[in-house]
Structures are given as structure tokens and as C-alpha cells.
Amino acid sequence: MKYILIVFISLGLSFSQEKKKDSQPNAIAVYWKTLDSNSKEIFLFSYLTQVYDTHQKMIKDMGYGEVTTWYYDNKAEMVYGIFDQVNQSGMKEFIGWIDEYYSHDEFTGNSFDDALSFAFRFQQAAGETMWEKYENLKFGRIKPKN
């Protein structure tokens, strides 16, 4: 009886386990991986500039209403932060963090904004290695490098 019970429990557990969901890469992740270093820099600068210009146009055309505030809170604020913090020499490091993000298959279906957020947080985190930066972010000790 114990043997039959163990078999039924084992079968029940094996059928109840969730199958790992394969993430489908989005178009930007696929495109990003095909670019060389210089093209990635151009793409990134163009993307950031487009978000900045869109926000400035929204302010000019619509003022500081709900839509403009939402766009700032959900898109432009991070871009302004990136422009403030990333100089030309830091752009290569920033691109490296985006490459790191998209090198993990589970992230290839995420938006480019998610990759930018990841890169921005890790670039600003204290620490020399990926592990040190992860530990500092994990415990909320984000300190500027300076």
C-alpha cells in the first residue's frame, strides 16, 4: 500500500510541476545582438534622443498635463538620468551592461526600457565586479562611483 501511495504522489507531483516557459525574443533584442559596437552606440544615442525629443515636444504641445507627466515618469526620467550620468567614455560600459542583460535568454523578451534600466542601475552601483554590484544593489547600497 505504501508503495502505491508513493507512486501516486510521485506521479501527481511530476504532473503538477509547471513547465518552464520559453521566452520569445523581441525584435529589439534580436536587432541589438546583430549590431557591432559603433552601431550599438549610434542606436542607443538615437533611442535616448528620441525619448528626450518626444518629451520636449509633449511639453511644448500639451504642457505638463497627465499624459506628459506619465511619459516623464515611465520613460523620460530614466533617459534624463542616463544623459546626466553617462559621458562618452561611460557609453561603452553602458552598452556592455545592455549586452549583459540580453545575453540571458530569459530577458530577451523584455523591452529595451528594461535593458536600459538594468544597465543604468548596474552602471551606478558601487563595486568592481558584477557580483559586488549585484550585492550592493540587492542590499540597497547604491553608491555613485565617485
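Checking region 113-126 against the condition returns a match, with at least one residue being modelled with pLDDT under 70 and in contact with a helix residue (DSSP H, G or I) (Cβ under 6 Å, 6 or more places away or on another chain).
In the set (1) closer than 18 Å to Asn26 by Cβ; (2) under 15 Å from the mean Cα position of the chain (by Cα); (3) open to solvent by less than 40 Å² (accessible area, probe 1.4 Å), Asn110 fails one condition alone, (3).
Thr49 - would you say it is assigned to a helix (DSSP H, G or I), farther than 26 Å from Ser103 by Cα, open to solvent by less than 90 Å² (accessible area, probe 1.4 Å) and modelled with pLDDT of 80 or more? Can you show your working first?
Numbers: assigned to a helix (DSSP H, G or I): yes; farther than 26 Å from Ser103 by Cα: no; open to solvent by less than 90 Å² (accessible area, probe 1.4 Å): yes; modelled with pLDDT of 80 or more: yes.
Against the criterion (assigned to a helix (DSSP H, G or I), farther than 26 Å from Ser103 by Cα, open to solvent by less than 90 Å² (accessible area, probe 1.4 Å) and modelled with pLDDT of 80 or more), Thr49 does not qualify.
Counting residues in region 63-73 that are within 23 Å of Gln123 (Cβ to Cβ), surrounded by 14 or more Cβ atoms within 10 Å (Cβ to Cβ) and either more than 19 Å from the chain's Cα centre (by Cα) or modelled with pLDDT under 90 (or both) gives zero. Kindly indicate whether any position in region 23-36 is modelled with pLDDT under 90 and exposed (fewer than 10 other Cβ atoms within 10 Å of the Cβ). Yes: region 23-36 contains one or more residues that are modelled with pLDDT under 90 and exposed (fewer than 10 other Cβ atoms within 10 Å of the Cβ).
The values are calculated or read from the model by the stated rules, or taken from the named source; none is laboratory data. None of the values given here were measured: they were computed from a predicted structure. Quick reminder, even Gly has a Cβ in these numbers, built from the backbone with ideal geometry, and neighbours come from all protein chains shown. Protein only, heavy atoms only, side chains kept; ligands, DNA and RNA dropped before computing areas. Shrake-Rupley method; radii C 1.70, N 1.55, O 1.52, S 1.80 Å.
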